[in-house]
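Working notes, structure below.
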Amino acid sequence: MNIKIGCTGWSYQGWSGTFYPKNLKSSDWLKYYSQLFDITEINSTFYRIPAQEIVRRWNADTPRHFRFTAKFPSMITHEKRLKSVNSEVFSFLASLSPIYEKITALIIQLPPSLSFEEARPRLEEIFDMLPDDFVYPIEGRHESWFSEDAITYLKQKKHCLVWNEVEGVSNPMPITSDFLYVRLIGDRSIKDSEFGRVRKNKENSIKDWAKRFQEIRDVPLAMVMANNHFEGFGPATANSLRMNLGMRELTWDEKKQKTLGSF
């Protein structure tokens, strides 16, 4: 199985001096990140549809092999709860056009209050207008998304149900498509101001995740995204998982900048 591991975003002030060289401008953070990791989840699209000028910069700052995933805006998933969102969906897709060739997945993260029964007909309308260029993992957090009916439906439609480790969600981790999308989120007990260093020891959990991936034989691709709230430092979580899977350890100290070239 091809396992692509990255972080849920790259623009965190707490990473300056721990992941990014202290003197590196924030405008060059993505360029630096993309020379170490080969994928990231754009979390900021959940809060607002990005301007194309910004997306063009993301494209220019990343190599051709680099891949993005992005979350659907909360306006679509949370505020309007998937109802009457045609214009918002088209605006979102249009905003991402400069990185179309680098996008792998667009994540439909649903609010915990949105059940499978309520979301199903609305999702079917949305999928009718979505292009086939990407895959669309569904992150359902209401308990009904883990019911037998929901899992059977997702398998029939070949929709990926996101695997996650997040407070308040008991996800049984069913395989519902020919790829996996995994989000290591944790809880909100680590403050944003504390990002940049490991604050919680999740070593055993990470080992369990690595073992789970190694036991899967019939899924060709997994995308795994580490959030700062999981341990306090997304890159360290991603790196720990890499090493537990026998992948090369990534290094990102001040000396590393000299081997990456100037920014």
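Only the coordinates and a few stated rules stand behind these numbers; no lab work does. What you see is a predicted model, and the numbers here were worked out from it, not measured in a lab. For neighbour counting, all protein chains shown are included, and Cβ atoms are generated from backbone atoms with ideal geometry for every residue, glycine included.
Model label points for Arg217 and Ser115, set 7 angstrom from Cα along the Cα-to-Cβ axis, are 3.9 nm apart. Which is the longest stretch in the chain that no exposed loop site breaks, taking sites as trypsin sites (Lys or Arg not before Pro) with a DSSP loop state and at most 14 other Cβ atoms within 10 Å? By the stated rule (loop sites, at most 14 other Cβ atoms within 10 Å), 84-157.
For a modelled paramagnetic label at Ser26, 7 Å from Cα along Cα-to-Cβ, the residues of segment 182-217 in reach, with backbone nitrogen under 20 Å, are 191-197. The GNM of the chain, with springs linking C-alpha atoms under 10 angstrom apart, assigns the highest mean-square fluctuation among Gly246, Gly14, Gly234 to Gly246.
Calculated [222 nm] ellipticity per residue, helices only, for the chain: -8500 deg cm²/dmol; basis is -39500 (n - 2.57) per DSSP H run with n ≥ 4, divided by all residues, nearest 500.
For segment 2-260, report the % of Cα-Cα distances exceeding 25 Å. Within segment 2-260, distances greater than 25 Å cover 44 percent of Cα pairs.
Take the Cα coordinates of segment 135-189, assign each an equal point scatterer, and use the Debye formula without solvent to give log10 I(q)/I(0) at q = 0.26, 0.31 Å⁻¹. Evaluating at q = 0.26, 0.31 Å⁻¹ gives log10 I(q)/I(0) of -1.04, -1.37. Using C-alpha pairs under 8 Å with a sequence gap of at least 6, the mean separation divided by the residue count of segment 110-206 gives a relative contact order of 22 percent. Report the calculated FRET efficiency for Ser189 and Glu143 (r = Cβ-Cβ distance, R0 = 30 Å), to the nearest 0.05. In this case the efficiency is close to 0.85.
Here segment 1-145 is treated as a Stokes sphere of Kirkwood radius computed over C-alpha pairs; at 20 °C and 1.002 mPa s its diffusion coefficient rounds to 132 µm²/s. Among residues other than His229 with Cβ under 12 Å from its Cβ, the summed charge is 0 (Lys and Arg +1, Asp and Glu -1). Here segment 89-240 yields Rg over Rh of 0.97, to two decimals, using C-alpha coordinates and the Kirkwood radius. The stretch between Asn204 and His65 holds 46.9 nm of extra length on full extension. This uses 0.36 nm per residue minus the Cα-Cα distance.
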